[in-house]
């Protein structure tokens, strides 16, 4: 009898809690919008600076600023939109980092320096 009563109380508690409304936005919604904003800054400056620079003549920039997943910029071989990225830039609030084959190239220091500056809101090449 005690087991039956205990089970009834537990099931009732679960049923009531399942009907409770959600309290606030889903986790990460605010941080994702900050990441998108940070990456937009990097994207704008990368287009303004890198696409005019002969060091980046072989590359194009493809933004993936989708607000439902991790926003990123893909650095791909110019004219080959389906090619594997040579670098992937990801951002969080006020911070950006990259990985991929270009991260071990002679351009790595410059890329890292540029995206770090641009992520904080700095402008200029």
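Please treat every number below as a calculation from the coordinates, not as lab data. Remember, predicted model here, so these are calculated numbers, not experimental data. Because the Cβ atoms are built from the backbone with ideal geometry, glycine has one as well, and the counts that use them run over all protein chains shown.
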**Global form of the stretch 30-119, assessed from the alpha-carbon gyration tensor, a/c cut-off 1.5** = prolate
**Asked** For the residue pair residue 104 and residue 82, what label-to-label distance in nm results when each label sits 7 Å from Cα along the Cα-to-beta-carbon direction?
**Response** 2.7
**Complete:** Per the 1/(1 + (r/R0)^6) rule, R0 = 22 Å and r from the Cβ atoms of residue 70 and residue 116, FRET efficiency to 0.05 is 0.75
**Request:** Counting other beta carbons within 10 Å of each Cβ, put 125, 49 in order, fewest first.
**Result:** 125, 49
